[in-house]
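The block underneath contains the structure these notes are about, expressed in structure tokens.
The values are calculated or read from the model by the stated rules, or taken from the named source; none is laboratory data. Bear in mind that the values here come from a model prediction, so they are computed numbers and not experimental data. With ideal geometry, Cβ positions are generated from the backbone for all residues, glycine too; neighbour counts draw on all protein chains shown. Ligands, DNA and RNA are stripped out before the accessible areas are found, and what is left, the full protein with its side chains, is counted by its heavy atoms. Shrake-Rupley method; radii C 1.70, N 1.55, O 1.52, S 1.80 Å.
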Amino acid sequence: MMTVGSVGYLGSAPAMSVFGLASVFLYVLPAFVFLLPVSLVAAELASGWPGGVYNWVREGISAPMGLLAVWCEFSQTIFYYPALLAYVGSTLAYVIDQSLASNGVYTAAIIIVLFWGGVLVSSRGPSLVAELSSSGTVIGTLIPGAALVVLGVIFLLQGNPSAAPMTAHHVLPAWNGLASVVLVVNSFFTYAGIEVNAVHVDELRNPGREYPKSIFLAMALVLAVFILPTLAISWVIPESQISLTAGVMQAFDSLLSHFDLAFAVPLVAVALAVGALAGMMAWLGGPSEGLLRIGREQGYLPPYFQKVNGKGIELHILAAQGVVITIIALLYAFIPTVSRAYWIFAAMATQVYLIMYVLMFIAAMRLRRARPDHARGYRAPALGVLCLLGGLSSVSAFSLGFVAPSQLGHASPLAYAGLVLAGILAIGILPWLLLDRFHKPGWKTTAVGEPAQP
């Protein structure tokens, strides 16, 4: 259930619903070639080398590569939060005015207000964040997801035709070049973050037997959470009309109006927004705390960014992150459509995160060969095959991420690829190079919970 909670998010459904029945294949394939290898490999690394991805990659490759891995884990959220909050903005538009769902200025304002509000809530301590996150997942993801599927099934049982064909001829996506299927990259980002729960593998009574069982069960539940609502959207909204940010609410609006329940649309919108914000709150503290820990222990961060408030929250890091996110949010006001901006930032986040996964797979293979006798609470079966499969799928998804999806219209391939590359270099690579080049031994401090020394 922790694994399901870490990746469950309805905001990714619209991007896949444009494929109709083929979305099932496009969810299942990344689950086996990416989700499964990441889960099992991360479990072995976590049970042998505590300390997260930095320690795994440092031990398996080098300290600079470990820093790159943990920086990618943190910096991908700089793109992820605007994309997530754009979905929240489009959802809340159904409470205020539906036309705002495609308004860039409104979306930018929502992103800025909600992110800084999240930082304010996070500053009150992790216990409040944990409580809000757990309850928000149930209210805003599981219940609305189930309701959407039930309404969609009843809609079809009444004899209404599906907007997307549901025949055997449409099980696989239509091939019209890479641009026609590039949205599958969204599935990889949907499963990203699954490795954070690997740290709990040693708490199982029999990790070697119980952990694989739990992962396969979690995969089945995750696929159900993603696939069924995605299909429900494709049943009621034509592919050409699906918004990548407001698709869930488009489906709810259509279904609830069909059943004379339109009064419930604002309630659903609020619930979905709560669920998405719960996901943001769950992510807000993790990567930044990981960066803080490494910055203190290894001297990678200047003392100013190592300081915490009375609750132990790294507000200076979050504030710096917020400044960059505010600038990115303002771009929504200038990019032609909100869906286009959403996809560009989601693609950038995916690209940066995939760099971390490639490093993780390389480190796992090197550690198994170089230190086979090192104590591990769990040993992944066929580790070499898992790492090869996961690494190749990550590299393939990374390469595909530079192709503009055909669903975004007539975008210049070169301009799109250049924009994505610029984002990766500016946020994912350049800061890492500067941190590694200019870090000082004198910046090392003690435990994370203690104030940094000037």
> Would you say Ser23 is more than 16 Å from the chain's Cα centre (by Cα), farther than 30 Å from Val338 by Cβ, of a type in the set (S, T, N, Q) and assigned to a helix (DSSP H, G or I)?
Replying inline: no
> Any residue in segment 258-281 that is under 27 Å from His170 (Cβ atoms) and in a helix (DSSP H, G or I)?
Replying inline: yes
>> If I filter segment 45-67 down to residues being surrounded by 24 or more Cβ atoms within 10 Å (Cβ to Cβ) and within 23 Å of the chain's Cα centre (by Cα), which single residue comes out as modelled with the lowest pLDDT?
In response: Gly52
> Within segment 27-80, can you find the residues that are part of a helix (DSSP H, G or I) and of a type in the set (Gly, Ala, Ser)?
Replying inline: Ala31, Ser39, Ala42, Ala43, Ala46, Ser47, Gly48, Gly60, Ala63, Gly66, Ala69, Ser75
>> Ala422 - would you say it is open to solvent by 10 Å² or more (accessible area, probe 1.4 Å) and either over 23 Å from Gly247 (Cβ atoms) or more than 17 Å from the chain's Cα centre (by Cα) (or both)?
In response: yes
> Are any residues in segment 257-274 open to solvent by 10 Å² or more (accessible area, probe 1.4 Å) and either aromatic (Phe, Trp, Tyr) or touching a residue at least 12 places away in the same chain (Cβ under 8 Å) (or both), and if so, which ones?
Replying inline: His258, Phe259, Phe263, Pro266, Val268, Val270, Ala271, Val274
>> Looking at Phe398 and the list (1) within 19 Å of the chain's Cα centre (by Cα); (2) more than 22 Å from Pro14 (Cα to Cα), which single condition is not satisfied?
In response: (2)
>> Being under 30 Å from Ala220 (Cα atoms) and touching a His at 6+ places or on another chain (Cβ under 8 Å) is true for just one of Gly52, Gly11, Gly20. Which residue is that?
In response: Gly20
>> Name the single residue that is modelled with the highest pLDDT among those in segment 90-149 being open to solvent by 50 Å² or more (accessible area, probe 1.4 Å) and either on the phi > 0 side of the Ramachandran plot or among the acidic types (Asp, Glu) (or both).
In response: Asp97
>> Among the numbered criteria (1) open to solvent by 50 Å² or more (accessible area, probe 1.4 Å); (2) modelled with pLDDT under 80; (3) within 23 Å of Gln250 (Cβ to Cβ); (4) part of a helix (DSSP H, G or I), which one does Val185 miss?
In response: (1)
> Here are some conditions: (1) open to solvent by 50 Å² or more (accessible area, probe 1.4 Å); (2) over 26 Å from the mean Cα position of the chain (by Cα); (3) modelled with pLDDT under 85. Gln407 meets all but one. Which one does it not meet?
Replying inline: (2)
>> When the residues of segment 200-226 are narrowed to those that are open to solvent by 20 Å² or more (accessible area, probe 1.4 Å) and among the hydrophobic types (A, V, I, L, M, F, W, C), which ends up modelled with the lowest pLDDT?
In response: Leu204
> Which residues, taken from segment 342-385, are touching a Ser or Thr at 6+ places or on another chain (Cβ under 8 Å) and part of a helix (DSSP H, G or I)?
Replying inline: Tyr342, Ala349, Val352, Leu354, Tyr357, Val358, Phe361
> Could you say which residue among Val323, Val308 is over 30 Å from Val150 (Cα atoms), out of contact with any Phe, Trp or Tyr (no Cβ under 7 Å at 6 or more places or on another chain), free of Cβ contacts under 8 Å to residues at least 24 places away in the same chain and not aromatic (Phe, Trp, Tyr)?
Replying inline: Val323
> Is it the case that segment 306-315 has a residue that's part of a helix (DSSP H, G or I) and either out of contact with any Ser or Thr (no Cβ under 9 Å at 6 or more places or on another chain) or over 25 Å from Ser12 (Cβ atoms) (or both)?
Replying inline: yes
>> Exactly one of these conditions fails for Ala42: (1) open to solvent by less than 20 Å² (accessible area, probe 1.4 Å); (2) touching a Gly at 6+ places or on another chain (Cβ under 6 Å); (3) not hydroxyl-bearing (Ser, Thr, Tyr). Give me its number.
In response: (2)
